[in-house]
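Undergrad: The structure's right below; bear with me while I get my questions together.
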Amino acid sequence: MKLPSSPPRRKRPDSVGFAIVGLGGYALNQMMPRFEQTERAHIAAIVSGSADKLRRVGEAYGIPPDARYSYADYARIAADKRIDAAYIVLPTGMHAAWAIRAFAAGKHVLCEKPMALSSADCERMIAAGRRANRKLMIAYRSHFEPYNLEAMKLMRQKAVGDIRLVRTEQSYRMGPTSPGENWRTNRALAGGGPLEDFGIYGLQSALYLTGEMPESISATTFRPTDDPRFAEIFAHVSSQWRFPSGAVAQLVTSYDSAGANFAHVRGTKGVLIMDPATSYAGQKMTLEVGGSRELNPGDPSVQFARQLDHFADAVRDGTAIKTPGEMGLRDVRLIEAIYASAKAGRTVDLTPDGRMRSPRR
Ligand code: NAD
């Protein structure tokens, strides 16, 4: 695990105190170290099932022993005035329950992607946030990352003309494992697998690059029958979308093919190529309109701290959240439509908010 040599400084007196809920790979190696780069966010508490982790991580980050919580003690965060918000970084199938408990404790919630495994859970989370009058944000970091922000702007400005074709692919080859060993292959914690975990970046890109919602989706899934990695989840998920403008998108995602993470947008005048599109760092982006131009709009690694400060501003100043629970719900509805289409072997029609219409005759 990556730990700091000295506890991070707090920069503003109104800095938002976070309880980090779940000390796994992403929390420890990506997000917790980025608090150092924020203006208005700090780690106030940690929540983990491991007493050893609580001690080691608590010491490294200067978190006092009475701000180190076990899962059994979680409800006690309600009385801890140092904590303004809970950052839920647990396996996806646990997001809803632990976010709702945070709201019940009077805390704001920053929740990792995907928001939950069902639209019903997403709706329960949104309702709990409203009841508690607290903020809910989904940690879609690409909305704070310079390459993706520049791509959104270029597409709004019609830099490739009218958008006709979108292709996204998010794949990697998972090593040998099984549902008991790795939550990412466990249906109760990971849903269908690669789409929720990695393909969601392509799903998000297709939406924020076109600025449209699909009006229909047709999809295919594949699950080998003799591979413990895929005892409970899919190996590949592929879907085709049609947008009201007439643009179409093809999205593929896999846990069993060589690594890829790209988004291509082809319009009437040219193409935007993002490859890799949504990494932690190392993004590349080329605009081909007439000639070919490589774009370098900024350092992608600012996305983590900017996301935290955006949430902190919403908590302190009441500013609007760019990636609210409603966006997480919308995306989970689309995931449900993809699986429904694949299961039924037919095209699914959608309402503008991503709900499935009744089947075509
Ligand atoms: P991880 O497996 O590294 O960590 C999960 C943590 O949850 C571990 O500390 C584990 O001990 C704990 N845990 C508690 N109860 C558990 C249970 N019943 N089963 C399994 N683990 C349990 O996973 P991660 O990669 O840190 O992912 C955590 C969340 O963060 C997921 O929602 C994932 O989608 C999200 N994530 C987001 C990004 C991003 O770029 N935004 C990247 C990676 C992960």
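The values are calculated or read from the model by the stated rules, or taken from the named source; none is laboratory data. What you are looking at is a predicted structure, and each value in this text was computed from that prediction instead of being measured. Cβ: placed from backbone, ideal geometry, glycine included. Neighbour counts: every protein chain shown. Accessible surface areas use protein heavy atoms only, side chains included; no ligands, DNA or RNA. Shrake-Rupley method; radii C 1.70, N 1.55, O 1.52, S 1.80 Å.
Undergrad: Could you check the simple spin-label distance between K81 and A127, using points 7 Å along Cα→Cβ, in nm with one decimal?
TA: Between K81 and A127, the label points sit 3.3 nm apart.
Undergrad: Using alpha carbon centroids, what distance separates region 27-53 and region 260-303, in Å?
TA: Here the answer is 31 Å between Cα centres.
Undergrad: What is the sum of charges, Lys and Arg at +1 and Asp and Glu at -1, for the other residues whose Cβ falls under 12 Å from the Cβ of A320?
TA: -1
Undergrad: Mind putting together the pair-distance distribution for region 16-139? All Cα pairs, 5 Å bins, whole percent per bin, short to long.
TA: 2, 12, 24, 26, 20, 12, 4, 1
Undergrad: Hey, which of these cross-link pairs are over 23 Å Cα-Cα: K11/K153; K135/K284; K11/K81; K2/K135; K53/K322; K153/K322?
TA: K11/K153; K135/K284; K2/K135; K53/K322
Undergrad: Quote the Stokes-Einstein diffusion coefficient, in whole µm² s⁻¹, for the chain, based on the Kirkwood radius over alpha carbon pairs, a temperature of 25 °C and a viscosity of 0.890 mPa s.
TA: D, rounded to a whole number, is 116 µm²/s.
Undergrad: Pop out the carbon and sulfur fraction of the accessible area of region 183-309 as a percent, whole number, probe 1.4 Å.
TA: 50 percent
Undergrad: Evaluate 2.2 N^0.38 Å with N set to the residue count of region 1-87, then give the Cα radius of gyration divided by it.
TA: Against the empirical 2.2 N^0.38 Å value, I get 0.98 for region 1-87.
Undergrad: Right, here's the next one. Got a sec to turn the phi values of region 2-7 into Karplus ³J(HN,Hα) couplings, 6.51 cos²θ - 1.76 cosθ + 1.60 with θ = phi - 60°, whole Hz, x for Gly and Pro?
TA: 8, 10, x, 7, 9, x
Undergrad: Then there's this: A344 to R12: FRET efficiency via 1/(1 + (r/R0)^6), r the Cβ-Cβ distance, R0 56 Å, to the nearest 0.05?
TA: After rounding to 0.05, the efficiency reads 0.60.
Undergrad: Once phi is turned into θ = phi - 60°, what whole-Hz ³J(HN,Hα) does the Karplus curve with 6.51, -1.76 and 1.60 give for every residue of region 180-187, x standing for Gly and Pro?
TA: Karplus values, whole Hz, x for Gly and Pro: x, 8, 9, 4, 5, 10, 9, 4.
Undergrad: Right, another one. Once you place label points 7 Å from the Cα toward the Cβ at T351 and R156, how far apart are they in nm?
TA: For the pair T351/R156, the computed spacing is 2.8 nm.
Undergrad: Among rounded, prolate and oblate, which fits region 209-361 when a ≥ b ≥ c are the square roots of the eigenvalues of its C-alpha gyration tensor, a/c under 1.5 means rounded, and a/b larger than b/c means prolate?
TA: It comes out rounded by the Cα gyration axes.
Undergrad: Give me the three principal axis extents of region 186-291 from the C-alpha atoms, as integers in angstrom, largest value leading.
TA: 49, 33, 20
Undergrad: Also: In degrees between 0 and 90, to the nearest 10, how far off the longest principal axis of the chain does helix 303-317 point, with axes built from Cα atoms?
TA: 70 degrees
Undergrad: Let me ask something else. Excluding residues fewer than 8 places away in the same chain, name every one of the lysines whose C-alpha is closer than 25 Å to that of K343.
TA: In chain and number order, the partners are K113.
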